[in-house]
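The values are calculated or read from the model by the stated rules, or taken from the named source; none is laboratory data. These numbers were taken from a predicted model, which means no experiment stands behind them. No Cβ is skipped: glycine too gets one built from the backbone with ideal geometry, and neighbour counts run over all protein chains shown.
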């Protein structure tokens, strides 16, 4: 069972990552996801969801940095999760072609979930 002792992940790198996330997500939304033929709710929802998913990677990066790289598996999972959802945005919302998009979406999504869920099993809690 995990202890009650927490890890402080709030640091300047986490704040910089959050700012980078907002800038990057805004750029992606403006160049890829903002498709005039899609309903506004879908397009704006994709922007908000991208920020939410991206925040998981930012938080995982903060954990990784706070533990001197020890907790790397949640970071890998967070980044794979972002990549999976980027593929969804690129192909399904943005309407751009890629080879086997749903294969790439599911592979990166499955690996992301495995990294996130199984990370406590390989790390000393």
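Yes or no: residue 6 surrounded by fewer than 17 Cβ atoms within 10 Å (Cβ to Cβ), under 19 Å from the mean Cα position of the chain (by Cα), in a loop (DSSP other than H, G, I, E, B) and modelled with pLDDT under 90? If you could, list the steps in order and put the result at the bottom.
Details: surrounded by fewer than 17 Cβ atoms within 10 Å (Cβ to Cβ): yes; under 19 Å from the mean Cα position of the chain (by Cα): no; in a loop (DSSP other than H, G, I, E, B): yes; modelled with pLDDT under 90: yes.
No.
Can you name the residue in the range 62-85 that is surrounded by fewer than 20 Cβ atoms within 10 Å (Cβ to Cβ) and under 11 Å from the mean Cα position of the chain (by Cα) and, of all such residues, is farthest from residue 48 (Cα to Cα)?
Restricting to residues being surrounded by fewer than 20 Cβ atoms within 10 Å (Cβ to Cβ) and under 11 Å from the mean Cα position of the chain (by Cα), the top hit is 76.
In the range 94-115, which residues are in contact (Cβ under 8 Å) with a residue 60 or more places away in the chain and surrounded by 15 or more Cβ atoms within 10 Å (Cβ to Cβ)?
94
Which one of the conditions (1) surrounded by fewer than 17 Cβ atoms within 10 Å (Cβ to Cβ); (2) closer than 21 Å to residue 13 by Cβ; (3) touching a residue at least 24 places away in the same chain (Cβ under 8 Å); (4) under 15 Å from the mean Cα position of the chain (by Cα) does residue 49 fail to meet, given that it meets all the rest?
(2)
Condition first: surrounded by fewer than 16 Cβ atoms within 10 Å (Cβ to Cβ), touching a helix residue (DSSP H, G or I) at 6+ places or on another chain (Cβ under 9 Å) and in a loop (DSSP other than H, G, I, E, B). Can you find one or more residues in the range 11-19 that meet it?
Yes, some residue in the range 11-19 is surrounded by fewer than 16 Cβ atoms within 10 Å (Cβ to Cβ), touching a helix residue (DSSP H, G or I) at 6+ places or on another chain (Cβ under 9 Å) and in a loop (DSSP other than H, G, I, E, B).
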